[in-house]
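Enquirer: Let me give you the structure first, and then I'll get to my questions.
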Amino acid sequence: MKFYEKPYRIGVSVNGSVVSDANENADDIYSALEIAKRKRAEIGGEYDAISVTLAEGEYFLDKTIEITREYADSSSLPLVIEGAGRDKVTLSGGKTFKGGWQIYDATKGIYKKSLDKMSAFRQLYTEDGACSRSRYPDDTKNLDSDYLQLSWDEKNHKVGVPSYITDDISISSIKGAELHFVQEWTQSVGHISTNEPEEKDGKIWFDFGEKWFNDILFSRSSPSRNPEANRCWFEDSLAFLTSENEWFFDDEENTLYYKPRNGVEINSVSFSIPQIENIISVTGEAQGEAPEGIVIKDLTIANSTWVYANENDYLDGQAGIYASYDKENAKMTEFSNRAPACVYTQYAKDICLYDCAIKNTGAYGIDFGVGTKNARVIGCTVENCATSAINVGYYGEKYRAGKLYPDNFVTAAPYGYAPSTETEITENVKIENNVIKHVGISFKGGSTGIVGGYLRNIDIIHNEIEDVSYSGVAIGWGWESPLQINCNVNISYNKITNVMNHLPYDGAPIYLLGKQKATLEGSQIIGNYIEVENGLGGIYFDNSSSCYTLKDNVIKGEGRLGIIDLHDWNYFLRNIKISNTYVSTNGKLYFHAYAQDYGNEKMVEYYKTHTPPTPESRGVYVDEPIKAYNSGKWSKEAEQII
């Protein structure tokens, strides 16, 4: 893809040497951007772009690269930040070290190293990828069969785990540690109080240090508190460090502990510790002119961090949105907080990431936030993400109206955040020919390959998505917003495999939610290849999904509820047409329609005296799937799609 014919080049190198083909050189990327800001007013028609050109090497950053309208807007030349290739140039938000390890426990094979002038962190990487934070049971175990069932004491607001854990760890080791627990589509993190746990009825019971967190867990109606569906594990104690490639950081002693893989000479391994939340930030203001015309190409952007859960309880809502507590006003906020991203944009236009690698992220990989327009991610790899890989749009969720929680927790309207002006809408986004993998490493709840809400006009095409803790693609957050902004969604010709691998409930390789505005173009899901083992189906239409045409999709395997799940809650599904679905099993489409009260809507009572509308009357037409897999081979029609 060609972005310019004749750029004005500002060269930057790791060692300060001159970049030969540059018009001028800068000491570092920050000063190069200042030169670009000055030059954009000086350069005439001779050039068609300003390029910050990075010579080969790894650039260790000590602050975010911040791009505002002062660097690029509609009146200036496009700004390009480019390297010599993603395998040759890296912008890193981490600190790297090698050597200096000492044996700590020879019997267990654990080493230690003092770390000076290092901020808190939750991720640690080597050249081979992510290391595992110390946990019990360890990260090699299966979520369903090996992780701990979480029990709930509704009266005393305590949680419990099986007492057999004392065969492996001491009760004292869990005090002050983190408990990570999966509830259907969420994974929250609570800091266990230092109160003495109680052992009874074959379980060990304890509470969390923050009362607001403890109380809200037992007050919210969903997700469910069900030991059969809730799994948990402990993290962040030296006592849990038992497996190879695990680590623990004692922040009081500034000491890192690590158990290398068998046969690895630890002092020859290079480690990286993320230290910056946003590596690149492109931001404008709602009322001002947006930064416009920014291209980032041919480089790697790596090692961002997010340490909120180190000191705070993390209450997961859905799609990685979390609630927090306002201590000053003694109230819990709505689920509208968003984790940071390695690459973040808001109120920005004409943004392109091309042939880049975004990896080792402390939260999101890429976030096209509120007011981002005309954005593209093309030919990139996004991997090793603590939460979701790519987010599009800004959305939130508030508590349902009329419900008061303990200790003056404040509730609000059911719709949550919704854009109120055209400026706030994120629209015209293309995500094409990317590889997205290893997603949800630290926060498995709602961590998705590509997730979006309150957006308009998005193409998700020809991507490979694999190894994701939650859904592969999840579009439509915003619930029943009267604005109905979501429209013109194109999810086509993608390969989605090994997803829902840590949250086997309420999700799918392709998950859809919320009303859409009916448009002439409509939304479509065409020609995708999907493998499903967990989740509710290969494609899942959740609350109020509408205005989709599905055809020529291939689904191998089936979910807990079948091939495709149509969740017709309160008979809200509208204008859905499904045909030519090629499948490998004899599973069925699962269509479950029922009435349920929501907020002030008393739907159960209403439908006691009213006949529910038929699917056909709402434009829902579904053909039965076509069995197209026999003796280990797909039919010719299915093979052409694959």
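The values are calculated or read from the model by the stated rules, or taken from the named source; none is laboratory data. Because the structure is predicted, anything quoted here is derived from the model rather than measured. No Cβ is skipped: glycine too gets one built from the backbone with ideal geometry, and neighbour counts run over all protein chains shown. Protein only, heavy atoms only, side chains kept; ligands, DNA and RNA dropped before computing areas. Shrake-Rupley method; radii C 1.70, N 1.55, O 1.52, S 1.80 Å.
Enquirer: Could you tell me which of the pairs LYS359/LYS495; LYS211/LYS602; LYS495/LYS577; LYS117/LYS349 are separated by over 31 angstrom between their Cα atoms in the structure shown?
Expert: LYS211/LYS602; LYS117/LYS349
Enquirer: If you take the beta carbon distance between VAL264 and VAL14 as r and set R0 to 25 Å, what does 1/(1 + (r/R0)^6) give as a FRET efficiency, to the nearest 0.05?
Expert: Rounded to the nearest 0.05, the efficiency is 0.35.
Enquirer: Only helical DSSP H runs with n ≥ 4 go in: add -39500 (n - 2.57) per run for the chain, normalise by residue count and round the 222 nm mean residue ellipticity to 500 deg cm²/dmol.
Expert: Calculated at 222 nm, the ellipticity per residue is -1500 deg cm²/dmol.
Enquirer: Could you tell me what percent of the accessible area of the chain is made up of carbon and sulfur, with a 1.4 Å probe and every protein chain present?
Expert: Working: 11000 of 25540 Å².
C and S fraction of accessible area: 43 percent.
Enquirer: Tell me, what is the per residue accessible area of region 136-238 in Å², probe radius 1.4 Å?
Expert: Numbers: 4060 Å² over 103 residues.
I get 39 Å² per residue for this part.
Enquirer: Considering the dipole of the chain built from charges on the beta carbon (Lys and Arg +1, Asp and Glu -1) around the Cα centre, which of GLY317, PRO509, LEU179 is farthest to its positive end?
Expert: The one lying farthest along the dipole's positive direction is PRO509.
Enquirer: Would you pull out the residues with amide H under 5 Å of ILE425's amide H, same chain only if 5 or more places away, H placed 1.01 Å from N?
Expert: GLY371
Enquirer: If I model a spin label at PHE3 and GLU616 as a point 7 Å from the Cα along the Cα→Cβ vector, what separation in nanometres do I get?
Expert: Modelled inter-label distance: 5.4 nm.
Enquirer: Quick one: length gained pulling THR549 to ASN498 fully straight, 0.36 nm per residue minus the C-alpha distance?
Expert: 15.9 nm is the gain from fully extending THR549 to ASN498.
Enquirer: With the cut-off at 1.5 for a/c, could you classify region 1-122 from its C-alpha gyration tensor as rounded, prolate or oblate? Each step should come with its number before you reach the end.
Expert: On the way: a/c = 3.23, a/b = 2.64, b/c = 1.23.
Note, shape of region 1-122 comes out prolate.
Enquirer: What are the ³J(HN,Hα) values, in whole Hz, obtained from phi via the Karplus relation 6.51 cos²θ - 1.76 cosθ + 1.60 with θ = phi - 60°, for each residue of region 626-632 in sequence order, with x given for Gly and Pro?
Expert: 9, 5, 9, 9, 9, 6, x
Enquirer: Pull up all non-local amide H partners of GLY94: gap of 5 or more, or a different chain, and H-to-H distance under 5 Å with H placed in the peptide plane.
Expert: LEU61, GLN275
Enquirer: As a quick test, which of the pairs LYS95/LYS444; LYS112/LYS297; LYS39/LYS297; LYS37/LYS373 have an alpha carbon distance above 27 angstrom in this structure?
Expert: As for pairs spanning more than 27 Å Cα to Cα, those are LYS112/LYS297.
Enquirer: Return one whole number: the accessible area per residue of region 449-572 in Å², for a 1.4 Å probe.
Expert: Per-residue accessible area for region 449-572 comes out at 26 Å².
Enquirer: Still on this model: Pull up the cross-link candidates among the lysines for LYS108, meaning alpha carbon to alpha carbon under 24 Å and not fewer than 8 places away within one chain.
Expert: Once the sequence-local lysines are set aside, what remains near LYS108 is LYS98, LYS141, LYS175, LYS259.
Enquirer: Ok, one more. Go through region 55-70 residue by residue and turn each phi into a ³J(HN,Hα) via Karplus (6.51, -1.76, 1.60, θ = phi - 60°); whole Hz please, and just put x for glycine and proline.
Expert: Ordered by residue, 3J(HN,Hα) equals 6, 4, x, 10, 9, 8, 9, 10, 7, 5, 7, 9, 10, 10, 5, 5 Hz.
Enquirer: Next question. How many nm is it between the label spots at SER31 and LYS108, if each spot is 7 Å from the Cα in line with the beta carbon?
Expert: In this crude label model, SER31 to LYS108 measures out at 4.8 nm.
Enquirer: Extending each Cα 7 Å along its Cβ direction at GLU46 and ASP459, get the distance between those two points in nm, one decimal.
Expert: The answer from the label model is 3.7 nm.
Enquirer: Is the C-alpha gyration tensor of region 510-642 telling us rounded, prolate or oblate? Criteria: a/c under 1.5 is rounded; beyond that, a/b larger than b/c is prolate, otherwise oblate.
Expert: Working: a/c = 2.48, a/b = 1.86, b/c = 1.33.
Since a/c reaches 1.5 and a/b is larger than b/c, the shape of region 510-642 is classed as prolate.
Enquirer: With Rg/Rh (Cα atoms, Kirkwood Rh) defined as stated, name the option among (1) 1.18; (2) 0.97; (3) 1.16 computed from the structure displayed.
Expert: Read-out taken from this structure: (2).
Enquirer: Under 5 Å between amide hydrogens, which residues at least 5 positions from SER193 or on another chain qualify, with H placed 1.01 Å from N in the peptide plane?
Expert: Correct list: GLY176, ASP207, PHE208, GLY209.
Enquirer: Shifting gears a bit: What dipole magnitude, in Debye to the nearest 20, does the chain give about its Cα centre under +1 on Lys/Arg Cβ and -1 on Asp/Glu Cβ?
Expert: Numbers: 62 positive and 91 negative charges, 227 e Å.
Computed about the Cα centre, the dipole is about 1100 debye.
Enquirer: In whole Hz and in residue order, list the ³J(HN,Hα) couplings for region 361-366 that follow from phi through the Karplus curve 6.51 cos²θ - 1.76 cosθ + 1.60, θ = phi - 60°; x for Gly and Pro.
Expert: For region 361-366, the Karplus-derived couplings read 9, x, 8, 5, x, 10 Hz, x marking Gly and Pro.
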